[in-house]
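The values are calculated or read from the model by the stated rules, or taken from the named source; none is laboratory data. On a predicted model such as this, the values are computed, not experimentally measured, just so you know. Glycine also receives a Cβ, built like all others from the backbone with ideal geometry; neighbour counts cover every protein chain displayed.
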Amino acid sequence: MIEVDTHVHTVLSGHAFSTLMENVAAAKKKGLKGFASTDHGPLVSHGAPPFLPYTMRLWPTHMEGIRVYKSCEANFTGPSGELDIPPFYIKMLDFVVAGLHFVPEETFGLKNSTKAMLAAYNDPYVDVVSHPDNPNYPCDLEKVVLAAKANGKAIEINNQSIQLRPGARKNVAEMIRLCKENDTLVVLSSDAHLCYNIGEVDVAEAMLKEVNFPEELVLNGRFERFDAYINARAERIAALGEED
Ligand SMILES: [Zn+2]
Ligand SMILES: [Zn+2]
């Protein structure tokens, strides 16, 4: 069981079904302590506008006792890790997920997908690449895992991707193997598009169990562990000395 879900959508993603309040209520009912609200950026049809983080600035940290992290699932638009949400807005978030959706597969073959993901893990503002297991955008999983490790960041084990994407399970198994071998953090996420799916990571969890994956490497397994990461991230970014 996880205490924080790092990947949850609301109706603002354009193809999800629940509001933020419904997600909060569902998280509370399931016993989660927090979640990251990660709506899609504008490249996804009817996704949130690029300035969405601006309107999140006055969110309370806790809603009904649940810690809600201001986040997004930005889209890579170029092989150097360019995102569809400009840095000015990205900097307003607590936690940033970025991934590949609806970009030409010929532009993002093995070489460019890998390049974009490595750039993301080296970007101080990006925390996690969403579903690197997606067989439509193959990447060099070992290089991606090592880039996450080098930056103290986590690899996403996306419960929805394992179930919905043909061919993803094999890649997830390989990512888990590489993370265990290289002492690399993971986050288990539901990628919920409906409040009832929030916190559901049972398939991902079963795959970790199969290989006796160390519990302490699951960044969002404990609220305190995840929240400490968020606080350290904020300090690391403040130390860069960049002005808003
Ligand atoms: Zn996604
Ligand atoms: Zn998603």
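Each row is one residue, and each column tells you yes or no for (1) outside any loop (DSSP other than H, G, I, E, B); (2) not aromatic (Phe, Trp, Tyr).
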| site | (1), (2) |
| --- | --- |
| LEU32 | no, yes |
| PRO42 | no, yes |
| SER45 | no, yes |
| PRO60 | no, yes |
| GLY78 | no, yes |
| TYR89 | yes, no |
| VAL97 | yes, yes |
#### Entry: Of the criteria (1) under 23 Å from GLU224 (Cα atoms); (2) in contact with a helix residue (DSSP H, G or I) (Cβ under 7 Å, 6 or more places away or on another chain), which one THR38 fails
(2)
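Conditions (1) modelled with pLDDT under 95; (2) surrounded by 21 or more Cβ atoms within 10 Å (Cβ to Cβ); (3) within 16 Å of ligand 1 (Cβ to nearest atom); (4) assigned to a strand (DSSP E or B), marked per residue:
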| position | (1), (2), (3), (4) |
| --- | --- |
| ALA148 | no, yes, no, no |
| SER161 | no, yes, yes, no |
| CYS179 | no, yes, no, no |
| VAL203 | no, no, no, no |
| MET207 | no, no, no, no |
#### Entry: Single residue of GLU64, GLU82 found to be over 21 Å from ASN158 (Cβ atoms), touching a residue at least 40 places away in the same chain (Cβ under 8 Å) and not small (Gly, Ala, Ser)
GLU64
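So that you can scan it fast, the table gives a plain yes or no per residue for (1) among the hydroxyl-bearing types (Ser, Thr, Tyr); (2) within 23 Å of VAL186 (Cβ to Cβ):
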| position | (1), (2) |
| --- | --- |
| ILE2 | no, yes |
| ASP5 | no, yes |
| THR10 | yes, no |
| GLY14 | no, no |
| LEU20 | no, no |
| ALA36 | no, yes |
| VAL44 | no, no |
| ALA48 | no, no |
| TYR54 | yes, no |
### Residue under evaluation ASP84, criteria (1) of a type in the set (Asp, Glu); (2) surrounded by 15 or more Cβ atoms within 10 Å (Cβ to Cβ); (3) more than 16 Å from ligand 2 (Cβ to nearest atom); (4) over 30 Å from LYS30 (Cβ atoms), criterion not met
(3)
### Message
Condition (residue is free of Cβ contacts under 8 Å to residues at least 60 places away in the same chain, surrounded by fewer than 24 Cβ atoms within 10 Å (Cβ to Cβ) and touching a Pro at 6+ places or on another chain (Cβ under 9 Å)) applied to region 19-28: is it met by at least one residue?
### Response
no
### Message
Given (1) crowded, with 18+ Cβ neighbours inside 10 Å; (2) part of a helix (DSSP H, G or I); (3) of a type in the set (A, V, I, L, M, F, W, C), identify the lone condition not met by VAL186.
### Response
(2)
### Query
Just wondering, is there one or more residues in region 205-213 that are over 27 Å from THR10 (Cα atoms) and touching a Cys at 6+ places or on another chain (Cβ under 9 Å)?
yes
### Query
Exactly one of (1) in contact with an Asp or Glu (Cβ under 7 Å, 6 or more places away or on another chain); (2) farther than 19 Å from HIS9 by Cβ is unmet by GLY199. Its number?
(2)
### Query
Which of the following residues is within 15 Å of ligand 2 (Cβ to nearest atom) and either at pLDDT 95 or above or polar (S, T, N, Q) (or both): PRO42, PRO49?
PRO42
### Message
Tell me yes or no: at least one residue of region 63-71 is away from ligand 2 (no atom under 14 Å from the Cβ), under 16 Å from the mean Cα position of the chain (by Cα) and either assigned to a helix (DSSP H, G or I) or among the aromatic types (Phe, Trp, Tyr) (or both).
### Response
yes
### Query
Of all residues in region 99-142 being part of a loop (DSSP other than H, G, I, E, B) and polar (S, T, N, Q), which is nearest to ligand 1 (Cβ to nearest atom)?
SER130
### Task
Could you grab the pairs with beta carbons closer than 6 Å, sequence gap of 6+ or different chains, first residue in region 115-126 and farther than 17 Å from THR184 by Cβ, second one of a type in the set (Phe, Trp, Tyr) and surrounded by 23 or more Cβ atoms within 10 Å (Cβ to Cβ)?
ALA116/PHE76
